[in-house]
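Below is one structure, written out as structure tokens, with a few remarks after it.
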Amino acid sequence: MIWLVDYTSYRKDIDPELARLRRDYFIIKSYYRAKKVGATAPVKSKVFSTGLLRIATILKRNGVDVRFMDADMLISALDRGEAMPEVVAFSAVCPTVPLCAALAERIKAQSPSTAVKLGGVHVNLCAAETVRRFPIFDELTVGYEFEGAEKVAGRRLIDTGGSYVDYSLLPHPLSYYAINTFTAMGCPFHCDYCADGRAPHFNASPDGQLGEMKRLLPERTLVHFFDSVLGSCQRGIRAVCDAIEATGHKFLLSCDMRADLLTPELVRSLERAGFIEVRLGIESSDEELLKRNRRTLTAHRFSEQIRMIRDNSNLYITLYSVTGLPGTTWESQSRTLDYFGELMDSHLADETKNGFYVPYPMEGVDYSARGVTIDDEDWSHYDRQSYPVYHTAEMSREELRQLYLYTTKRINENWLHALGFRDISEVPVIKDYYTEYVEDTYDRDGKNSNNTGKKGE
């Protein structure tokens, strides 16, 4: 028996001021999305690792007795004193690696013969240091797809065909989860602030398994494609759209995309395929800052592209921004926020998402050469909500933290202004959208259901 433990998301305490700002953000978002998009199937926050589910599927089809679970299920089994299996294999992201190690200690104390293994994106980027810090793990399952599955199983496996993943292996019905899927992993671009370009490229299902999901999910379910760049190139975008359209699904789709890849024809292809939203990265309006971080798309070109999208579709346009990149100053960030405000006021953009830069540990990357000094090596702090783990030549850790709070506040203010509200108290609370964020997760206790991967909000 093998237990596969999905520890790619978790809850943690965050700064009360940030919790309040994030709650306000979701109040605005729930109001505007309901107005712009209309009714959807219930929006969920619980997520699962598609990569780990893929491994579970491969194991099952090779006759392995496998159980897929989340961390809470494992903790409950340990608390009950349940017998441990032959193998427990974790899938983790950087902040959850120490949490997995703590659970590995408990497993070994209860069942010394159980082999405890660790895999996931972090392990593939930082294996040697992970072994040094956490020798409790018997093996790191470095690799993806069949390579990762074979290391979990400890033997050779074969491809028996069938759908990419078997959703029946999930501990809950598929409708219990926020739906994130992908058509391919890896990224052909190599921006300095993103690890996706260092991951190997491999193709999954060209339709993102929508054909399989059709019988498991209600119509108007929100489905996000978290490919680093959907299709990777113009020909790839067209092929993915054709495959998705052919499923005849009735979901509401969103995807991550590079604005400079889109043409009027491709924008219309996205809509025909069922996409209602594109999420486009524009990390800064400062051209020197973008060049320093190996980002070639200028603010001027970006504005031209989203105007083209507006002229050729009804797509909901979300801006992705990153606060705290090397080279960022208060002045450059203020100009960027002014630029975002102009895009919102002119209704060229519908929403702005803001994430904090995290210098994730990666072998072969010298952050000091990028102007970044690491101050905190506790990986449990390496997420987008914790106190900054680094400083730059331009800004101290506290300045970076204050910049993030200021940016989050300005983004809310920009959105309120674009919608004609003076403050958050004027926004009607629509509890059918993002209910857990509006009513519970970002409530007074300051707790955040923090998804530390690419999924969710």
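Can you name every residue in segment 264-278 that is open to solvent by less than 30 Å² (accessible area, probe 1.4 Å) and closer than 16 Å to Cys233 by Cα? Scanning segment 264-278 gives Leu266, Val267, Ser269, Leu270, Val278.
With respect to the conditions (1) surrounded by fewer than 22 Cβ atoms within 10 Å (Cβ to Cβ); (2) in a helix (DSSP H, G or I), Ser45 falls short on a single one, namely (2).
Of all the numbered requirements in (1) assigned to a helix (DSSP H, G or I); (2) closer than 26 Å to Arg61 by Cβ; (3) hydrophobic (A, V, I, L, M, F, W, C), Val88 misses one, and that requirement is (1).
Got a sec? Which of Arg294, Arg310, Arg370 is surrounded by fewer than 21 Cβ atoms within 10 Å (Cβ to Cβ) and either over 28 Å from Val142 (Cβ atoms) or free of Cβ contacts under 8 Å to residues at least 24 places away in the same chain (or both)? Talk me through it step by step, then tell me what you get.
Numbers: Arg294 fails: either over 28 Å from Val142 (Cβ atoms) or free of Cβ contacts under 8 Å to residues at least 24 places away in the same chain (or both); Arg370 fails: either over 28 Å from Val142 (Cβ atoms) or free of Cβ contacts under 8 Å to residues at least 24 places away in the same chain (or both).
Within the list Arg294, Arg310, Arg370, the selection yields Arg310.
When segment 243-279 is examined, which residues are found to be charged (D, E, K, R), in a helix (DSSP H, G or I) and modelled with pLDDT of 95 or more? Show your work before the answer.
Our first condition is that a residue be charged (D, E, K, R); within segment 243-279, this holds for 245, 250, 256, 258, 260, 265, 268, 271-272, 277, 279.
Then drop every residue that is not in a helix (DSSP H, G or I), which leaves 245, 260, 265, 268, 271-272.
Within segment 243-279, Glu245, Glu265, Arg268, Glu271, Arg272 meet the criteria.
Is at least one residue of segment 182-189 at positive phi and of a type in the set (Ser, Thr, Tyr)? No - not one qualifying residue is present in segment 182-189.
Suppose we filter Gly154, Gly211, Gly148 for residues that are more than 18 Å from the chain's Cα centre (by Cα), at pLDDT 90 or above, of a type in the set (Gly, Ala, Ser) and buried (at least 18 other Cβ atoms within 10 Å of the Cβ); which single one remains? So that I can check it myself, show each step before the final result.
Details: Gly154 fails: buried (at least 18 other Cβ atoms within 10 Å of the Cβ); Gly211 fails: buried (at least 18 other Cβ atoms within 10 Å of the Cβ).
Gly148 is the lone residue from the list that is more than 18 Å from the chain's Cα centre (by Cα), at pLDDT 90 or above, of a type in the set (Gly, Ala, Ser) and buried (at least 18 other Cβ atoms within 10 Å of the Cβ).
Given the condition closer than 14 Å to Leu53 by Cα and out of contact with any Cys (no Cβ under 9 Å at 6 or more places or on another chain), answer yes or no: does some residue in segment 194-204 qualify?
We begin by selecting, within segment 194-204, every residue closer than 14 Å to Leu53 by Cα; these are 204.
Still in the list and also out of contact with any Cys (no Cβ under 9 Å at 6 or more places or on another chain): 204.
Yes, segment 194-204 contains at least one residue that is closer than 14 Å to Leu53 by Cα and out of contact with any Cys (no Cβ under 9 Å at 6 or more places or on another chain).
Every residue, every condition in (1) modelled with pLDDT under 95; (2) assigned to a loop (DSSP other than H, G, I, E, B); (3) of a type in the set (Val, Ile, Thr); (4) in contact with a Gly (Cβ under 8 Å, 6 or more places away or on another chain), yes or no:
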{"site": "Ser332", "(1), (2), (3), (4)": "yes, no, no, no"}
{"site": "Asp338", "(1), (2), (3), (4)": "no, no, no, no"}
{"site": "Val358", "(1), (2), (3), (4)": "yes, yes, yes, no"}
{"site": "Asp376", "(1), (2), (3), (4)": "no, yes, no, no"}
{"site": "Arg410", "(1), (2), (3), (4)": "no, no, no, yes"}
{"site": "Glu436", "(1), (2), (3), (4)": "yes, no, no, no"}
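The values are calculated or read from the model by the stated rules, or taken from the named source; none is laboratory data. All values reported here derive from a predicted model rather than from experimental measurement. Cβ coordinates were reconstructed from backbone atoms using ideal geometry, including for glycine residues, and neighbour counts include every protein chain displayed. Surface areas here come from the heavy atoms of the whole protein model, side chains and all, with no ligands, DNA or RNA. Shrake-Rupley method; radii C 1.70, N 1.55, O 1.52, S 1.80 Å.
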